[in-house]
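Colleague: Sharing a structure with you now.
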Amino acid sequence: MTASVALGMPAVPARLAPRRPSRQIRVGSVAVGGDAPVSVQSMTTTLTADVDATLQQIAQLTASGCQIVRVACPSQDDADALPRIARKSQIPVIADIHFQPKYVFAAIDAGCAAVRVNPGNIKRFDDKVKEIARAAADAGVPIRIGVNAGSLDQRLLKKYGRATPEALVESALWECSLFEEHGFTDLKLSVKHNDPVVMVDAYRQLAARCDYPLHLGVTEAGPAFQGTVKSAVAFGALLAEGIGDTIRVSLSAPPVEEVKVGIQILESLNLRQRRLEIVSCPSCGRAQVDVYKLADQVLAGLDGMEVPLRVAVMGCVVNGPGEAREADLGVASGNGKGQIFVKGEVVKTVPESKIVETLIEEAMKIAERMRADGTPSGEPDVTVL
């Protein structure tokens, strides 16, 4: 008697390392740090003063899975728009403050869920810490001390010569000490750099020297492809060590793309439940179908599916049958036809022209059964192997 084999979506394996112990803060409805799941953030690209456009983009980000959103506040018009945005946004809003400390107070008064401050470029920031700490404490608003390699305090640049990991960490901890002097510890820290190696080193040092929650980011990561790779490398290294409580992928691309990449990074590290996964081969000389086209068509057909599901789209007989057999649903293609597998069993063989249509039909049947069984929902995504 042969032993049974578990098929379909695999059980989530143990994480690579325990989460770093950190204190927990609340950014509106989202807990950050402690035992809270790692959250995904992004930032709007609209003029904050254009309330309708900003709220529309926040709605798009919310629909893509973004949990916290940051908005820029460089002018009085932007500050004046914050109350409406904070009130109408479906997810917590963080005001991003540079240069003018008065906008910190405006953001707190506006009801923002948190405020990000950049000590390196806010005029006389250290002199305002006592007032900021009092206002934030009274309103229950946490502060993110966001140190950035591109705007590091001139005193530290003079001391270290450049934005080294040590300089970034010293800046963050110095500002923390000023807030701590006034009894304010509702803080979150970031030490961003555009070089993943420097960034990883800085966060490792910072994680070892404090228990504040950490916001991970590779700043100015670049265009979509380059920025995705740099962010995945840096975030993967840190999150695999248990370092990091919330992330923002910074891309020269629409912010929804940042959220997609961030979510995929967390899913890949089993820090978030995996959603629909399409396993498809990269194609090679053995392929007897256009795998690229087939995978794209299956993805388009399953767009909007709300249950986790593994679908294998394979183009040859070497790995195809095995991958298709171990998925919830799969196809092994060749010789102008495709064998359709459901839960490890071949249910039918169809002509190549009917593969996509058949996969979608079978996926809908499986999804309906999963919904009836109470399977948690998710949004579709693709993993190309």
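The values are calculated or read from the model by the stated rules, or taken from the named source; none is laboratory data. Everything quoted here is computed from the prediction, not taken from an experiment. Don't worry about glycine lacking a Cβ; one is built from the backbone with ideal geometry, like all the others, and counts go over all protein chains shown. Keep in mind that these areas ignore ligands, DNA and RNA; they rest on the heavy atoms of the full protein, side chains included. Shrake-Rupley method; radii C 1.70, N 1.55, O 1.52, S 1.80 Å.
Colleague: Output the number of residues of the range 95-116 satisfying the condition of being crowded, with 18+ Cβ neighbours inside 10 Å and either among the basic types (Lys, Arg) or not assigned by the TED database to the domain that holds LEU178 (or both).
Modeller: 1
Colleague: Does ARG272 fit the bill of being closer than 24 Å to ALA363 by Cβ and basic (Lys, Arg)?
Modeller: Values: closer than 24 Å to ALA363 by Cβ: yes; basic (Lys, Arg): yes.
Taking the combined requirement at face value, the residue satisfies it.
Colleague: GLN67: of a type outside the set (Gly, Ala, Ser), surrounded by fewer than 18 Cβ atoms within 10 Å (Cβ to Cβ) and farther than 24 Å from GLU181 by Cα, yes or no? I'd like the intermediate steps shown before the answer.
Modeller: Values: of a type outside the set (Gly, Ala, Ser): yes; surrounded by fewer than 18 Cβ atoms within 10 Å (Cβ to Cβ): no; farther than 24 Å from GLU181 by Cα: yes.
Answer is no for this residue.
Colleague: Something else now. Quick check on TYR212: is it under 19 Å from ILE25 (Cα atoms), in contact (Cβ under 8 Å) with a residue 40 or more places away in the chain, among the aromatic types (Phe, Trp, Tyr) and assigned to a loop (DSSP other than H, G, I, E, B)?
Modeller: On the way: under 19 Å from ILE25 (Cα atoms): yes; in contact (Cβ under 8 Å) with a residue 40 or more places away in the chain: yes; among the aromatic types (Phe, Trp, Tyr): yes; assigned to a loop (DSSP other than H, G, I, E, B): yes.
The answer is yes for TYR212.
Colleague: For the range 172-195, enumerate the residues that are open to solvent by 30 Å² or more (accessible area, probe 1.4 Å), closer than 27 Å to LYS230 by Cβ and of a type in the set (D, E, K, R).
Modeller: ASP195
Colleague: Would you point out which residue out of ARG275, ARG310, ARG325 is over 30 Å from GLN205 (Cα atoms), basic (Lys, Arg) and in contact with a Phe, Trp or Tyr (Cβ under 8 Å, 6 or more places away or on another chain)?
Modeller: Being over 30 Å from GLN205 (Cα atoms), basic (Lys, Arg) and in contact with a Phe, Trp or Tyr (Cβ under 8 Å, 6 or more places away or on another chain) holds for just one of ARG275, ARG310, ARG325, which is ARG325.
Colleague: Something else now. Consider only pairs whose beta carbons are under 7 Å apart and that are at least six residues apart or on different chains; among these, list those whose first residue lies in the range 269-292 and is under 24 Å from ALA237 (Cβ atoms) and whose second residue is in a strand (DSSP E or B) and modelled with pLDDT of 80 or more.
Modeller: GLU277/ARG310
Colleague: Keeping to the range 40-91, report how many residues are aliphatic (A, V, I, L, M), more than 21 Å from LEU266 (Cβ to Cβ) and outside any helix (DSSP H, G or I).
Modeller: 4
Colleague: Looking only at the range 96-116, decide whether some residue is part of a helix (DSSP H, G or I), over 30 Å from ASN270 (Cα atoms) and of a type in the set (S, T, N, Q).
Modeller: No; the residues of the range 96-116 include none that is part of a helix (DSSP H, G or I), over 30 Å from ASN270 (Cα atoms) and of a type in the set (S, T, N, Q).
Colleague: What residue, of PRO83, PRO92, PRO119, is open to solvent by 40 Å² or more (accessible area, probe 1.4 Å) and either in contact with a helix residue (DSSP H, G or I) (Cβ under 9 Å, 6 or more places away or on another chain) or among the hydroxyl-bearing types (Ser, Thr, Tyr) (or both)? Reasoning before the result, please.
Modeller: On the way: PRO92 fails: open to solvent by 40 Å² or more (accessible area, probe 1.4 Å); PRO119 fails: open to solvent by 40 Å² or more (accessible area, probe 1.4 Å).
Among PRO83, PRO92, PRO119, only PRO83 is open to solvent by 40 Å² or more (accessible area, probe 1.4 Å) and either in contact with a helix residue (DSSP H, G or I) (Cβ under 9 Å, 6 or more places away or on another chain) or among the hydroxyl-bearing types (Ser, Thr, Tyr) (or both).
Colleague: Additional query: Any residue in the range 107-127 that's under 14 Å from CYS176 (Cα atoms) and touching a residue at least 12 places away in the same chain (Cβ under 8 Å): show its pairings with residues that are among the basic types (Lys, Arg) and assigned to a strand (DSSP E or B) at Cβ separation under 8 Å, as long as the two are six or more apart or on different chains.
Modeller: ARG116/ARG70; ARG116/ARG144; VAL117/ARG144
Colleague: Name the pairs whose Cβ atoms lie under 6 Å apart, with the first residue in the range 237-260 and small (Gly, Ala, Ser), the second in a helix (DSSP H, G or I), and 6 or more positions between them or separate chains?
Modeller: ALA237/VAL200; GLY244/LEU238; ALA253/ALA224
Colleague: Return a yes/no flag: does the range 370-383 have any residue that is open to solvent by 40 Å² or more (accessible area, probe 1.4 Å) and at pLDDT 90 or above.
Modeller: No - not one qualifying residue is present in the range 370-383.
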